[in-house]
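So the structure is just underneath, and the comments pick up after that.
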Amino acid sequence: MKISLPILLAVGIFLPSCGKMPPDVQFVCQKIPIEIQRGKPVIIEIHSLSGNGANHVGIRCSPEVWNVLTNGTNMISVQLKSSNKPNTNIGGISPGSGRLWPIELFHYLFYIGGEYHAKASVEITFPNAPEGTTSAEIIVCKTPADTGL
């Protein structure tokens, strides 16, 4: 069987890129657009927890907005409002505790753990938000087990 040169070149170019996914595909399980206003709670609905560890939750915003959100003595507060399964919990509330994921403009906020496919309603308050309304995105990350790491 003869394989033509164009086919070999196409396979040689295509195969190495097969395993490389953009970070948002590889590490993100849910994106939630939000509008931040100073002192006004934001309620997010997390559709499905992994059940095999804690899902890290962060915010995608500009460095300038992040600096305003974390500047001052009033820290971000996070509360679990409800879940459809028992044993759902929030912890590690430590905004800005380092870059944990290779996701562009991702700033860590907290983690949430619970049973497989648990849904959760979470309230986040940003007391140091900029004046007016600021658009951002909450990112719920997959667990390391979900990504195969």
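Sorting check: for 130-137, 119-126, which peptide has the highest mean count of neighbouring beta carbons within 10 Å, and how do the rest follow?
Answer by packing, highest mean first, reads 119-126, 130-137.
Write out the GluC sites (Glu not before Pro) in segment 37-117 meeting two conditions: DSSP loop, and at most 13 other Cβ atoms within 10 Å of their Cβ.
Within segment 37-117, the qualifying GluC sites (Glu not before Pro) (loop, at most 13 other Cβ atoms within 10 Å) are E104.
Pop out the ³J(HN,Hα) list for segment 62-68 in order, Karplus 6.51 cos²θ - 1.76 cosθ + 1.60 with θ = phi - 60°, rounded to Hz; leave Gly and Pro as x.
For segment 62-68, the Karplus curve yields 5, x, 5, 5, 4, 4, 5 Hz.
Looking at segment 87-149, which chymotrypsin sites (Phe, Trp or Tyr not before Pro) are DSSP coil and have at most 11 other C-beta atoms within 10 Å of their C-beta?
Y116
Scan around Q30 for amide H atoms under 5 Å from its own, H built in the peptide plane at 1.01 Å from N, and keep only partners 5 or more places away or cross-chain.
Under 5 Å from the amide H of Q30 lie the amide H atoms of V140, each far enough along the sequence or on another chain.
For segment 23-147, taking Cα atoms only, what is the radius of gyration to one decimal and the Dmax to the nearest whole Å?
Taking only Cα atoms of segment 23-147, I get Rg and Dmax of 13.7, 39 Å.
Give the order of K20, K85 when sorted by the count of other beta carbons within 10 angstrom, beginning with the fewest.
Fewest-to-most Cβ neighbours within 10 Å comes out as K20, K85.
Laboratory data are not the source of any read-out in this text; all were calculated from the coordinates shown. None of the values given here were measured: they were computed from a predicted structure. As a convention, Cβ positions derive from the backbone with ideal geometry for all residues, glycine included, and neighbour counts pool all protein chains shown.
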